[in-house]
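Take a look at the structure below.
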Amino acid sequence: MEPLQTAGELVRRYERQAKKRFGQHFLVDPNILGGIAAAANIVEGDRVLEIGPGPGTLSTTILGLGANVLAVELDRDLVAFLGEVLAPHPGFDLIEGDILAQNLAEILADYDAKFVADSPGDAPLAKWKCAANLPYNVATEVFFRLADVMERFDSLALMFQREVALRFVAGCGDNEYGVLALMSQLYADSEIVMTLPPGAFRPPPRVHSAVVRFQPIAGTRIPDPELRKAFKTLVRQSFQTRRKTLPNALNSTGIPKPRLKEAIEAVGLDLRVRPERVSFDEFVALATELRADLAL
């Protein structure tokens, strides 16, 4: 078995072999790669889900810490390359396919079963961790898939385009505040832990990037599944048209306008308020007030 190669060696080797690039941008700085792994609090023995591993630069960093990597990659050239350079190494498993077409709950459960079978003792498994330089064109969709199984994770460090990262950590009233901030808050505490200029990648992209650390909470901040569903509906409908007042933004719910106004006033909100000025707790209160109407 070959020793683990450096990030720079992996990228150079892949560039020589690949027939196509798909506009991909790879990290090669070991300090940045180590920082991403540290942001996810990855230590020896962890099980780490990586989405879009590229030529394996972050995978190698994680393996070097003594952790186990389950990677999901769509690009056939990269799958073939990873099969050459990383698949022979203990602790690395690769799934070829689109992460958005995968059943994440099943993938994690199947890997857990394999891990238990290969591990001595009967101690319960620790939760998963996730570290990924996400494909930017599907990054928010990937987050929502991860949110569906967020209880399986202890920590996540995900890289986004910087403008998207700011939307995850925005506070009520911020220009970036909206669906991503509220959905993130539903499942986790989040913060930007690293910002990267284009020059951090090879070749440089046209945008800046940022790593967001998500620290999942126990369960969600709305334990009641029906109330959680009502909350999600209200949030998504509210931000379809940001510049409208809340009653007008919620017209698309189909709830009669008088009832909407009654509920909004009942939770102490001004009828002229815009969605970006409504806090998480206020959306929860409004969802509680309107849950029966939304269930019709």
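Below is a table of values for the structure above.
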{"item": "Members of the stretch 272-294 found to be open to solvent by 50 Å² or more (accessible area, probe 1.4 Å), touching a Ser or Thr at 6+ places or on another chain (Cβ under 8 Å) and not basic (K, R), listed by number", "result": "none"}
{"item": "Selected residue [under 20 Å from R213 (Cβ atoms) and out of contact with any helix residue (DSSP H, G or I) (no Cβ under 8 Å at 6 or more places or on another chain)] from K114, K129", "result": "K129"}
{"item": "Hits in the stretch 214-235 (condition: open to solvent by 70 Å² or more (accessible area, probe 1.4 Å) and either over 24 Å from R152 (Cβ atoms) or of a type in the set (K, R) (or both))", "result": "R221, K229"}
{"item": "Conditions (1) charged (D, E, K, R); (2) buried (at least 19 other Cβ atoms within 10 Å of the Cβ); (3) more than 22 Å from T233 (Cα to Cα): number failed by R167", "result": "(3)"}
{"item": "In the stretch 250-270, the residues that are loosely packed, with under 14 Cβ neighbours inside 10 Å, closer than 20 Å to G178 by Cα and either in contact with a helix residue (DSSP H, G or I) (Cβ under 6 Å, 6 or more places away or on another chain) or polar (S, T, N, Q) (or both)", "result": "S252"}
{"item": "Every residue from the stretch 76-107 that is open to solvent by less than 50 Å² (accessible area, probe 1.4 Å), under 20 Å from P135 (Cβ atoms), out of contact with any Phe, Trp or Tyr (no Cβ under 6 Å at 6 or more places or on another chain) and among the aliphatic types (A, V, I, L, M)", "result": "L78, V79, L82, I95, I99, L100, L104, I107"}
{"item": "Pairs, first within 13 Å of E226 (Cβ to Cβ) in the stretch 284-296, second modelled with pLDDT under 95 and in a helix (DSSP H, G or I), C-beta under 7 Å, six or more apart", "result": "L294/T253"}
{"item": "Failed criterion for Q215 (all others in (1) assigned to a loop (DSSP other than H, G, I, E, B); (2) closer than 29 Å to D112 by Cα; (3) out of contact with any Phe, Trp or Tyr (no Cβ under 8 Å at 6 or more places or on another chain) hold)", "result": "(1)"}
{"item": "Residues satisfying the stated conditions in the stretch 244-283, i.e. of a type in the set (A, V, I, L, M), within 26 Å of P225 (Cβ to Cβ) and in a loop (DSSP other than H, G, I, E, B)", "result": "I255, V267, L269, V278"}
{"item": "Matching residues in the stretch 124-148 - criterion: being open to solvent by 10 Å² or more (accessible area, probe 1.4 Å) and farther than 18 Å from G45 by Cα", "result": "N133, P135, Y136, N137, V138, T140, E141, F144, R145, D148"}
{"item": "Residue, most open to solvent (accessible area, probe 1.4 Å), within the stretch 22-59, restricted to residues that are charged (D, E, K, R) and in a loop (DSSP other than H, G, I, E, B)", "result": "E44"}
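The values are calculated or read from the model by the stated rules, or taken from the named source; none is laboratory data. Being a predicted model, the structure only gives us computed values, none of them experimental. Because the Cβ atoms are built from the backbone with ideal geometry, glycine has one as well, and the counts that use them run over all protein chains shown. Heavy atoms of the whole protein, side chains included, go into the accessibility calculation; ligands, DNA and RNA do not. Shrake-Rupley method; radii C 1.70, N 1.55, O 1.52, S 1.80 Å.
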